[in-house]
1. Show the residues, 5+ positions off or on another chain, whose built amide H is closer than 5 Å to the amide H of Ile248.
2. Which whole-number value in Å² is the accessible area per residue of the stretch 1-61, probe 1.4 Å?
3. Which ³J(HN,Hα) values in Hz, rounded to whole numbers, follow from the phi angles of the stretch 172-179 under the Karplus curve 6.51 cos²θ - 1.76 cosθ + 1.60, where θ = phi - 60° and Gly and Pro get x?
4. Would you please classify the overall shape of the stretch 93-144 from the alpha carbon gyration tensor, given that a ≥ b ≥ c denote the square roots of the eigenvalues, rounded means a/c under 1.5, and beyond that prolate means a/b larger than b/c while oblate covers the rest?
5. Under a GNM of the chain (C-alpha, springs under 10 Å), which listed residue has the highest mean-square fluctuation: Glu35, Glu283, Glu272?
6. Rounded to the nearest 0.05, what FRET efficiency is calculated for Ile151 and Tyr198 with R0 set to 30 Å and r the Cβ-Cβ distance?
7. I need the Kirkwood Rh of the stretch 50-113: take the reciprocal of the average 1/r across all distinct C-alpha pairs and report it in angstrom.
8. Mind listing the phi-derived Karplus ³J(HN,Hα) values for the stretch 230-244, rounded to whole Hz, using 6.51, -1.76 and 1.60 with θ = phi - 60°, and x for any glycine or proline?
Amino acid sequence: MLEYECNLLCKLVAIDTDSTQRKNYDKIADLLISEAERVGLKAEKVIDEKGIPHVLVGFSNAPADAKKIVFLTHYDVVPAGEGWDFDPFKPFIKDGKLFGRGAADDKSNIVAALAAFKEVLEEKLPLKVNPVLIVAGGEETGEGESFFRKIEGDICVVLDSGCEGLSIGASGVARLNVKVLGRQAHSAYPFRGKNAIYQASKIVSFIEEVAKETEKKIVSRFYAPTHYEYVPRRISVTMINCGIAANIIPAECNLLIDVRTIPEENAEKAVEELKKTIEDYAEKNGIKVEVEAKAFMNGWY
């Protein structure tokens with residue numbers, strides 16, 4: 001069984017399913033369907049209104065009137081980024097671990113679930129419930145939210161890596177794009193410009209303080225699986241993009257702020273509150289900004 005799992009996991013990790021580019025979504029969906037059918041399971045591909053394919057795997061002999069247990073996984077991965085010592089999509093095994101982008105989050109769980117379903121067939125175990133494995137796309141970006149909301153079942157077990165614990169819900173996701181505006185000039189004459197990076201650094205420091213205070217004030221009634229006692233709203237500056245040349249004072253600096261809301265709150269309301277907080281701070285400090293806020297998914301429990 002271990003050999004089966006390692007071989008299949010290597011195949012899945014070798015497929016770059018970058019969530020931001022929707023790379024190879026159909027390729028991995030077709031591979032999963034083919035593999036499921038090869039071992040004797042039934043499988044189908046469901047394409048949502050955004051064009052994202054999702055795979056449903058089950059047993060042809062499952063009792064239709066039994067409790068439906070959904071095992072939820074996803075195949076899309078966070079972009080690999082830079083700084084790897086090896087090709088992230090050429091997986092290898094070392095010291096009993098398989099390395100590669102998406103090996104943990106979340107392709108190992110796809111393989112573990114498929115292996116378990118396969119074992120049920122091979123051992124001819126009687127099915128007292130109706131197990132269904134769902135391998136979704138668009139999980140990392142929140143684009144799969146509408147598909148997730150349509151999933152029906154008696155119990156849903158979310159098989160996802162990251163927290164060594166059992167959760168009964170999930171946080172919401174929202175993001176802000178903050179464009180900080182300055183005035184361009186040659187770096188030999190910095191007094192003729194207004195450096196957007198310096199202005200943006202003030203916003204970044206402000207957000208860091210807001211984040212610390214928010215974690216104290218906006219807290220869920222539910223226990224956190226890791227680090228915190230109770231789940232708080234979390235705010236993080238995750239990307240900075242600015243500058244066009246080494247000798248140019250930049251006129252624009254773009255910040256991306258990621259917000260993880262608590263399960264009980266409305267993500268759109270939360271991100272709009274933060275948008276106003278940033279705009280008010282910028283106005284008081286003479287910083288010109290353009291802020292766009294977008295809620296991707298409300299939390300749930």
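1. The answer is Ser187.
2. Numbers: 3090 Å² over 61 residues.
Heavy-atom SASA per residue in the stretch 1-61 reads 51 Å².
3. Each residue's phi maps through the Karplus curve to give x, 10, 8, 9, 10, 9, 10, 9 Hz.
4. It comes out oblate by the Cα gyration axes.
5. Glu283
6. Numbers: r = 48 Å, r/R0 = 1.59.
Calculated transfer efficiency: 0.05.
7. 14.7
8. Karplus-based 3J(HN,Hα) across the stretch 230-244 equals 10, 5, x, 6, 10, 10, 9, 7, 10, 8, 10, 9, 6, x, 10 Hz.
The values are calculated or read from the model by the stated rules, or taken from the named source; none is laboratory data. Just so you know, these numbers come straight off a predicted model, no measurement behind them. Counting neighbours? That spans all protein chains shown, and the Cβs are built from the backbone with ideal geometry, glycine included. Please note that ligands, DNA and RNA were not included when accessible areas were found on the heavy atoms of the full protein model with its side chains. Shrake-Rupley method; radii C 1.70, N 1.55, O 1.52, S 1.80 Å.
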